[in-house]
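Colleague: Take this structure first; my questions come after.
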Amino acid sequence: MGIGKFIWGNPADHLGQHGPDHPVSYFAPHILKSTLARFQDGFPGLVTYALKANAQAVVIENLVAAGLSTFDVASPAEIRLVRAACPGATLHYNNPVRSVAEIAFAKAHNVASYSIDSFSELVKLAAIIPPHGIEISVRLKLPIKGAAYDFGAKFGAGPEKCAALLQEVMRLGFTPSMTFHPGTQCKDPAAWETYIHAVANVARHAGVSLHRLNVGGGFPSHRNGARPDLKPIFQTIDQATKAAFAHNRPHLVCEPGRAMVAEAFTLATRIKAINDEGAVFLNDGTYGALAELPDIEANTRLTILTPQGQPVTGPSRPRLVFGPTCDSIDVLPGETLLPEAISAR
Ligand SMILES: Cc1ncc(COP(=O)(O)O)c(C=O)c1O
């Protein structure tokens, strides 16, 4: 996908005038700025951005310009990207798995906050990083529903192991914190509530007072239906933290990825063919910008335009939608409701 340097009022104007034959990703900085404001106005703690959702320089630069100064990074490459845009930014390295070289790189770039979910990774960190002033967050996982897919399948430790890890973090002289990720596109405030109470129990059981609690990631972005309201989630996080920790309340941190950035981008993809059975072939697919669609709930916020950039209206019908490659797995999940009147170019 090429990168253009033009400013357009909306994607339809550009598509109608230029009719590009390649997929185009449109960025709306004002939407990114207003989403950041939604988090900063509503979340009862420190707001950070998880770079893995979209690490383009233009995203980082716009967030920095709007006042964000703390980022969750998952690799040396992401550390470099943030340092280039904002040399003084605070970095949280919350990918719980790192090579020795990656830890040394993070240390050299003054990263002072890490997450872990295993003793082996704690030993690795402790061998390289002196504990004074360094925060280590133990990542909890629970069997909870409500998200598009389960992040606990990869990272996190159960409550008992988290308590033992917390005690070891303390014994080594690091600053003890905890974190969890309820899974991406989680619309249910109760998921955060359950996690927060479980974190408080782990800390009590371990006899450790937490410096901070990082509640993820996982906030929903507007993919279909009504725009998700983040306020009930923020209120639940605040109330649950009060109820679970009383006077020993840790500082709260959140690290949204997709929910921070998704609505600031629009993907335009062209219908390049419609076969005799009515299946549609796009010029982008699961090997490109639609990579996550098979694993996440369908995005039905679609606008179908004519080559002149006008909306296609009229009756719709469900269709199979394929990407442009020769692989049969390059297909969107289920069937997509598209107007009868679509045509290919
Ligand atoms: C540690 C961590 N934080 C934050 C995020 C961002 O999650 P989301 O995009 O669901 O907000 C992720 C996602 O992969 C993650 O692994």
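Residues checked against (1) over 19 Å from ILE237 (Cα atoms); (2) in a loop (DSSP other than H, G, I, E, B); (3) within 16 Å of the ligand (Cβ to nearest atom):
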| position | (1), (2), (3) |
| --- | --- |
| LEU122 | yes, no, no |
| VAL138 | no, no, yes |
| ALA163 | yes, no, no |
| SER177 | no, no, yes |
| LYS187 | no, yes, yes |
| TYR195 | no, no, yes |
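Colleague: For SER221, are the conditions met, namely being more than 14 Å from the ligand (Cβ to nearest atom), in a loop (DSSP other than H, G, I, E, B) and hydroxyl-bearing (Ser, Thr, Tyr)? First the steps, then the outcome.
Modeller: On the way: more than 14 Å from the ligand (Cβ to nearest atom): no; in a loop (DSSP other than H, G, I, E, B): yes; hydroxyl-bearing (Ser, Thr, Tyr): yes.
No.
Colleague: If you don't mind, another one. Hey, could you check the range 289-308 for residues that are modelled with pLDDT of 90 or more and within 15 Å of PRO339 (Cα to Cα) and say which is surrounded by the most Cβ atoms within 10 Å (Cβ to Cβ)?
Modeller: Restricting to residues being modelled with pLDDT of 90 or more and within 15 Å of PRO339 (Cα to Cα), the top hit is LEU305.
Colleague: Then there is this: Residues to consider are GLY133, GLY158, GLY146; find the one that is within 16 Å of the ligand (Cβ to nearest atom) and either surrounded by fewer than 19 Cβ atoms within 10 Å (Cβ to Cβ) or of a type in the set (A, V, I, L, M, F, W, C) (or both). Step through it out loud before you land on a result.
Modeller: Numbers: GLY133 fails: within 16 Å of the ligand (Cβ to nearest atom); GLY158 fails: within 16 Å of the ligand (Cβ to nearest atom).
Within the list GLY133, GLY158, GLY146, the selection yields GLY146.
Colleague: Also, quick follow-up: Within the bounds of the range 275-284, is there any residue that is within 22 Å of GLY183 (Cα to Cα) and open to solvent by less than 60 Å² (accessible area, probe 1.4 Å)?
Modeller: As a first pass, look at the range 275-284 and keep what is within 22 Å of GLY183 (Cα to Cα): none.
For the range 275-284, residues within 22 Å of GLY183 (Cα to Cα) and open to solvent by less than 60 Å² (accessible area, probe 1.4 Å): absent.
Colleague: From (1) more than 30 Å from LYS33 (Cβ to Cβ); (2) at pLDDT below 95; (3) out of contact with any Pro (no Cβ under 9 Å at 6 or more places or on another chain), pick out the condition that doesn't hold for ARG345.
Modeller: Answer for ARG345: the failing condition is (3).
Colleague: Could you tell me which residue of the range 99-120 is nearest to the ligand (Cβ to nearest atom), considering only residues that are β-branched (Val, Ile, Thr) and either outside any helix (DSSP H, G or I) or outside the structural domain of ALA89 (by TED's automatic domain parsing) (or both)?
Modeller: As a first pass, look at the range 99-120 and keep what is β-branched (Val, Ile, Thr): 100, 103, 111, 116.
If we keep only those that are either outside any helix (DSSP H, G or I) or outside the structural domain of ALA89 (by TED's automatic domain parsing) (or both) too, we end up with 111, 116.
On the way: VAL111: 14, ILE116: 12 Å.
Per the criteria, the residue is ILE116.
Colleague: Follow-up question, since we're still on this one. If I ask for residues that are open to solvent by 20 Å² or more (accessible area, probe 1.4 Å) and within 14 Å of the ligand (Cβ to nearest atom), which ones from the range 256-274 would you list? Please lay out each step first, then the result.
Modeller: Here is the first cut: in the range 256-274, the residues open to solvent by 20 Å² or more (accessible area, probe 1.4 Å) are 258, 262-263, 265-267, 269-274.
If the condition is that a residue be open to solvent by 20 Å² or more (accessible area, probe 1.4 Å) and within 14 Å of the ligand (Cβ to nearest atom), then ARG258, ALA262, GLU263, PHE265 are the ones that fit.
Colleague: Within the range 114-130, which residues are hydrophobic (A, V, I, L, M, F, W, C) and within 27 Å of the chain's Cα centre (by Cα)? Give the steps one after another, and end with the answer.
Modeller: Just the residues of the range 114-130 that are hydrophobic (A, V, I, L, M, F, W, C), to begin with: 116, 119, 122-123, 125-129.
Selection gives ILE116, PHE119, LEU122, LEU125.
Colleague: Considering each of VAL280, VAL312, VAL253 in turn, give the residue that is within 16 Å of the ligand (Cβ to nearest atom) and modelled with pLDDT of 95 or more. Quick ask: steps written out before the conclusion?
Modeller: Details: VAL280 fails: within 16 Å of the ligand (Cβ to nearest atom); VAL312 fails: within 16 Å of the ligand (Cβ to nearest atom).
None of the other options fit; the residue is VAL253.
Colleague: Could you grab the pairs with beta carbons closer than 6 Å, sequence gap of 6+ or different chains, first residue in the range 108-128 and under 14 Å from ASN94 (Cβ atoms), second one at pLDDT below 95 and not in a helix (DSSP H, G or I)?
Modeller: Pairs found: ASP117/PHE155.
Colleague: Same structure, new question: Run down ALA77, ALA37 and say which single residue is of a type outside the set (S, T, N, Q) and away from the ligand (no atom under 16 Å from the Cβ). It would help to see each step written out before you state the result.
Modeller: On the way: ALA77 fails: away from the ligand (no atom under 16 Å from the Cβ).
None of the other options fit; the residue is ALA37.
Colleague: Here are some conditions: (1) open to solvent by 60 Å² or more (accessible area, probe 1.4 Å); (2) on the phi < 0 side of the Ramachandran plot; (3) without any contact (Cβ under 8 Å) to a residue 40 or more places away in the chain. ARG98 meets all but one. Which one does it not meet?
Modeller: (1)
Colleague: Within the range 26-47, can you find the residues that are of a type outside the set (Phe, Trp, Tyr), in contact with a Phe, Trp or Tyr (Cβ under 6 Å, 6 or more places away or on another chain) and surrounded by 19 or more Cβ atoms within 10 Å (Cβ to Cβ)?
Modeller: Kept after step one, since they are of a type outside the set (Phe, Trp, Tyr), are these residues of the range 26-47: 28-38, 40-42, 44-47.
With in contact with a Phe, Trp or Tyr (Cβ under 6 Å, 6 or more places away or on another chain) added as a condition, the list becomes 42, 47.
Of everything in the range 26-47, just one residue is of a type outside the set (Phe, Trp, Tyr), in contact with a Phe, Trp or Tyr (Cβ under 6 Å, 6 or more places away or on another chain) and surrounded by 19 or more Cβ atoms within 10 Å (Cβ to Cβ), namely VAL47.
Colleague: A follow-up question, please. Can you pull out every residue in the range 217-243 that is of a type in the set (Gly, Ala, Ser) and either open to solvent by 10 Å² or more (accessible area, probe 1.4 Å) or within 30 Å of HIS14 (Cα to Cα) (or both)? Give the derivation first.
Modeller: Step one: list which residues in the range 217-243 are of a type in the set (Gly, Ala, Ser), which gives 217-218, 221, 225-226, 240, 243.
Across the range 217-243, the qualifying residues are SER221, GLY225, ALA226, ALA243.
The values are calculated or read from the model by the stated rules, or taken from the named source; none is laboratory data. This structure is a prediction, so every number in the text was calculated from the model and none was measured. Ideal geometry is used to build each Cβ from the backbone, glycine not excepted, and the neighbour counts take in all protein chains shown. To get the accessible areas, we keep the full protein, side chains included, count just its heavy atoms, and leave off ligands, DNA and RNA. Shrake-Rupley method; radii C 1.70, N 1.55, O 1.52, S 1.80 Å.
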